[in-house]
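Trainee: One structure coming up, written as structure tokens, with questions to follow.
No lab work stands behind these numbers, since they all come straight from the coordinates. None of the values given here were measured: they were computed from a predicted structure. When we count neighbours, we look across all protein chains shown, and the Cβ atoms used for this are built from the backbone with ideal geometry, even at glycine.
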Amino acid sequence: MEATPLRLHPGDDLRGALDAALAARGCAAAFVLSGIGSLGAAHLRYAGIETPATLVGDLEILTLAGTLSPAGSHLHMSVSDAEGRVRGGHVAPGCVVRTTAELLVAWLPGWQFTRELDPATGFAELTIRKA
């Protein structure tokens, strides 16, 4: 495992930037160890709901974690608003950095993450293989 710190800038799309970092690295498996910062907008999909909720305003990233793979990333995040209310869920595209996002990504050389249909869940779930 090799860890790399990343800093995202105002206007960056959180999920898009992580997917781009994975592609630029040419890596087939990684995960987010830590993430903090601020957003001006967040799109979070809550459990059992297909359409992401849109949160707009000054938001603080409290937690960010998940897996990154060329077959699709799976990220979860919790954010708080200016009044301290906390919301969390699955990170969808459109989470826009307000001032900064400070991330620590772990690259896993020798491993490959894919997404394959799991008959038990009916969803494309993480499949882990040695590269």
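Trainee: Is it the case, given these coordinates, that G88 is closer than 15 Å to I36 by Cβ and among the small types (G, A, S)?
Mentor: Spelling it out, G88 is indeed closer than 15 Å to I36 by Cβ and among the small types (G, A, S).
Trainee: Quick one: would you say R129 is in a strand (DSSP E or B), surrounded by fewer than 12 Cβ atoms within 10 Å (Cβ to Cβ) and either on the phi < 0 side of the Ramachandran plot or without any contact (Cβ under 8 Å) to a residue 12 or more places away in the chain (or both)?
Mentor: yes
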